[in-house]
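Chemist: The structure under discussion is supplied below as structure tokens; questions concerning it will follow.
The values are calculated or read from the model by the stated rules, or taken from the named source; none is laboratory data. What you see is a predicted model; the values in this text were computed from it and never measured. Neighbour counts are summed over all protein chains in view; Cβ atoms, including those assigned to glycine, are modelled from backbone coordinates with ideal geometry. Each accessible area value is taken on the protein alone, full model and side chains, heavy atoms only, with ligands, DNA and RNA left out. Shrake-Rupley method; radii C 1.70, N 1.55, O 1.52, S 1.80 Å.
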Amino acid sequence: MKHILALDQGTTSSRSIVYNERLEVVASAQKEFTQHFPLPGRVEHDALEIWESVLSTAREAISRAGITPSSIAAVGITNQRETVVVWDRKTGEQVHRAIVWQDRRTSEAMSAFREAGREQLVQHRTGLLLDPYFSASKLSWILQNIPDGQARAESGELAAGTIDSWLIWKLTGGSSHVTDVSNASRTMLMNIRTGGWDPDLLRLFNIPGSILPRISPTSGDLGTVDASHFGTAIPVRSAVGDQQSALFGQLCTRPGLVKCTYGTGCFLLAHTGTDAVASANRLLTTVAWQIGDQPLEYAVEGSVFMGGAAIQWLRDGLGIIKSAPEVNTLASGVPDSGGVYLVPAFTGLGAPYWDPDARGTILGLTRGSTSAHIARATLEGIAFQVADLVAAMEKDSGKKISVLRVDGGACASDLLMQIQSDLLGRTVERPVNIETTALGAAMLAGLGAGIWPDVDALSKIRSVDRRFEPTVTATNRHARLKTWKRAVKRARNWEA
Ligand code: ADP
């Protein structure tokens with residue numbers, strides 16, 4: 001039996017999972033790492049601690065699986081996206097802590113670019129909107145804030161990359177400086193149509209091309225793990241951004257197939273085939289993946305900042321529940337939200353609003369309102385935000401999304417999924433395996449290693465746990481969506 005080692009490097013923890021050829025989980029290990037918040041709005045990770053957490057969980061997973069490392073046909077990597085690391089090519093040491101996707105330190109620089117009329121160029125080349133979220137402005141910040149950064153970058157002393165790139169460098173003992181095209185598409189430096197670094201964007205952000213990794217297909221030859229790490233050399237056969245990996249893990253591999261991941265935030269991605277479809281509704285266009293030498297495949301993406309995190313707020317901020325799953329019992333105690341609406345704009349609103357100045361709002365409170373109504377309004381607030389993304393996607397494509405495939409921790413909530421189906425008027429489909437992120441990387445690595453001949457060979461892997469069908473009338477849905485829009489209006493521009 002052959003195995004695949006998937007390395008899932010997330011924002012708060014690293015997980016390593018050993019799969020067998022049938023894509024069953026043989027063993028796994030997980031480790032959290034430190035979040036650094038040096039100043040308000042700043043979020044950093046120690047790249048060395050990330051690497052050590054990946055290496056130690058990988059070793060632990062292999063040992064728990066009780067397999068010989070030589071049976072591992074391939075390593076697959078999936079990772080938190082946009083977070084950027086700069087390191088010294090000679091010593092292999094980071095020159096600054098990694099700047100995390102959540103970090104807002106380059107907000108002003110991005111506003112200045114917007115005011116200077118750069119957004120159109122950036123959106124056209126990269127499919128992204130000018131926002132500190134993406135890697136380019138963070139990379140530029142590091143080069144300008146370490147001693148002689150720009151000169152050291154230009155002389156070839158430094159290397160940079162997203163987390164996949166950093167991990168592959170470490171895994172291969174510094175012999176591969178490479179990233180995959182899905183990760184590169186989130187840097188704001190790659191032309192998503194050509195799949196190459198864009199000279200105009202490098203100039204705009206003042207990034208010397210020599211500091212960047214080679215861009216590789218998502219599934220292919222990304223280097224060989226040095227034998228010193230696991231006792232034997234193992235090929236790295238995939239690297240893929242976490243959301244694109246979940247899209248693949250849900251087998252959304254044909255145009256029109258859509259998934260939503262309900263984690264801390266919610267991420268809705270629709271596969272659009274080999275066309276990069278520009279959004280007229282402020283969604284992002286991104287590379288889904290590239291398999292071997294086949295053409296690039298694309299997705300449109302919308303993200304909600306507060307998804308499951310809103311439930312955590314009920315637990316940690318309000319203290320009306322003791323654990324996340326308790327929200328379901330509490331909210332089930334009432335038949336509806338009793339007219340209460342909660343807009344989870346705690347950190348602003350993401351797509352399609354992109355309003356950093358919006359703030360969380362609870363509306364419609366009366367003397368009869370209880371914690372159960374607020375709990376229910378919170379679940380509805382998550383589902384309304386996803387419904388807004390689905391509506392934006394349908395407006396863009398002119399096509400109806402008939403089924404939404406769901407995954408992520410909060411999709412375990414039957415109530416949330418039922419509410420989602422009611423508010424969409426669509427089928428919501430939950431697979432048995434909701435851990436689709438690591439699964440996608442394992443599938444892509446197995447394809448790269450030739451374990452399966454093609455994507456079709458994987459179709460038997462996915463099985464459905466439950467389908468949720470709408471239970472409310474269209475009139476009820478439309479009335480609630482209309483009130484939601486009014487609530488969003490009141491939450492917007494609060495900080496301004
Ligand atoms: P991430 O990968 O972003 O850390 P996960 O996919 O692990 O997130 O999902 C965790 C989120 O899911 C948490 O925000 C938590 O509030 C929510 N969650 C977990 N279990 C449940 C449940 N049974 N019901 C509702 N929400 C849940």
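Chemist: Considering only the range 449-487, how many residues are loosely packed, with under 15 Cβ neighbours inside 10 Å, within 26 Å of the chain's Cα centre (by Cα), assigned to a loop (DSSP other than H, G, I, E, B) and touching a residue at least 40 places away in the same chain (Cβ under 8 Å)?
Modeler: 1
Chemist: Okay, next question. Within the range 176-207, how many residues turn out to be among the charged types (D, E, K, R), without any contact (Cβ under 8 Å) to a residue 40 or more places away in the chain and either open to solvent by less than 10 Å² (accessible area, probe 1.4 Å) or under 21 Å from Thr83 (Cβ atoms) (or both)?
Modeler: 0
Chemist: Could you grab me the full set of residues in the range 353-380 that are over 24 Å from Gln418 (Cβ atoms) and either among the charged types (D, E, K, R) or touching an Asp or Glu at 6+ places or on another chain (Cβ under 9 Å) (or both)?
Modeler: Tyr353, Trp354, Asp355, Pro356, Asp357, Ala358, Arg359, Arg367
Chemist: Still on this structure: Leu128: aliphatic (A, V, I, L, M) and more than 30 Å from Leu447 (Cα to Cα), yes or no?
Modeler: Judged against the criteria, Leu128 is not a match.
Chemist: Residues of the range 380-403 being buried (at least 22 other Cβ atoms within 10 Å of the Cβ) and touching a strand residue (DSSP E or B) at 6+ places or on another chain (Cβ under 6 Å), which ones?
Modeler: Within the range 380-403, Gly381, Gln385, Val386, Leu389, Met393 meet the criteria.
Chemist: Among the residues of the range 275-294, how many are closer than 20 Å to Thr187 by Cα and open to solvent by 40 Å² or more (accessible area, probe 1.4 Å)?
Modeler: The number of residues fulfilling the criteria is 4.
Chemist: Still on this structure: Collect the residues in the range 14-56 that are in a strand (DSSP E or B), within 16 Å of the ligand (Cβ to nearest atom) and either over 26 Å from Ala449 (Cβ atoms) or charged (D, E, K, R) (or both), keeping them in residue-number order.
Modeler: The answer is Arg15, Lys31, Glu32, His45.
Chemist: Scan the range 421-441 for residues that are within 12 Å of the ligand (Cβ to nearest atom) and surrounded by 24 or more Cβ atoms within 10 Å (Cβ to Cβ) and jot them down.
Modeler: Hits for the range 421-441 are Thr436, Thr437, Ala438.
Chemist: How many of the residues making up the range 404-417 are open to solvent by less than 40 Å² (accessible area, probe 1.4 Å) and within 12 Å of the ligand (Cβ to nearest atom)?
Modeler: Within the range 404-417, residues that are open to solvent by less than 40 Å² (accessible area, probe 1.4 Å) and within 12 Å of the ligand (Cβ to nearest atom) number 9.
Chemist: Taking the residues in the range 130-152 that are closer than 21 Å to Arg186 by Cα and of a type in the set (A, V, I, L, M) as candidates, determine which candidate is surrounded by the fewest Cβ atoms within 10 Å (Cβ to Cβ).
Modeler: Among those residues, the one meeting the criterion is Ile142.
Chemist: Considering only the range 88-109, state which residues are within 15 Å of His45 (Cα to Cα) and either among the small types (Gly, Ala, Ser) or open to solvent by 20 Å² or more (accessible area, probe 1.4 Å) (or both).
Modeler: If the condition is that a residue be within 15 Å of His45 (Cα to Cα) and either among the small types (Gly, Ala, Ser) or open to solvent by 20 Å² or more (accessible area, probe 1.4 Å) (or both), then Glu93, Gln94, Val95, His96, Arg97, Ala98, Trp101, Gln102, Arg104, Arg105 are the ones that fit.
Chemist: Still on this structure, please answer the following. So which residues in the range 314-366 are open to solvent by less than 50 Å² (accessible area, probe 1.4 Å), under 26 Å from Leu283 (Cβ atoms) and within 16 Å of the ligand (Cβ to nearest atom), if there are any at all?
Modeler: Leu342, Pro344, Gly350, Gly360
Chemist: Within the range 92-120, which residues are farther than 16 Å from Ser140 by Cβ and either hydrophobic (A, V, I, L, M, F, W, C) or out of contact with any helix residue (DSSP H, G or I) (no Cβ under 8 Å at 6 or more places or on another chain) (or both)?
Modeler: Gln102, Glu115, Gly117, Gln120 - these are the residues of the range 92-120 that are farther than 16 Å from Ser140 by Cβ and either hydrophobic (A, V, I, L, M, F, W, C) or out of contact with any helix residue (DSSP H, G or I) (no Cβ under 8 Å at 6 or more places or on another chain) (or both).
Chemist: When you go through Ala351, Ala383 one by one, which is the residue that is part of a loop (DSSP other than H, G, I, E, B) and of a type in the set (Gly, Ala, Ser)?
Modeler: Ala351
Chemist: Only one residue in Ile401, Ile374 is more than 13 Å from the ligand (Cβ to nearest atom), under 30 Å from Val277 (Cα atoms) and either within 22 Å of the chain's Cα centre (by Cα) or at pLDDT 95 or above (or both), so which one is that?
Modeler: Of the residues listed, the single one that is more than 13 Å from the ligand (Cβ to nearest atom), under 30 Å from Val277 (Cα atoms) and either within 22 Å of the chain's Cα centre (by Cα) or at pLDDT 95 or above (or both) is Ile401.
Chemist: May I ask you to verify whether Val75 is under 18 Å from Val225 (Cα atoms), at pLDDT 95 or above, open to solvent by less than 20 Å² (accessible area, probe 1.4 Å) and assigned to a strand (DSSP E or B)?
Modeler: Considered against the rule, which asks whether it is under 18 Å from Val225 (Cα atoms), at pLDDT 95 or above, open to solvent by less than 20 Å² (accessible area, probe 1.4 Å) and assigned to a strand (DSSP E or B), Val75 comes out as yes.
Chemist: Still on this model: Just to verify a result, which residue in the range 249-265, among those that are open to solvent by less than 30 Å² (accessible area, probe 1.4 Å), part of a loop (DSSP other than H, G, I, E, B) and within 14 Å of the ligand (Cβ to nearest atom), is nearest to Ser402 (Cα to Cα)?
Modeler: Gln250
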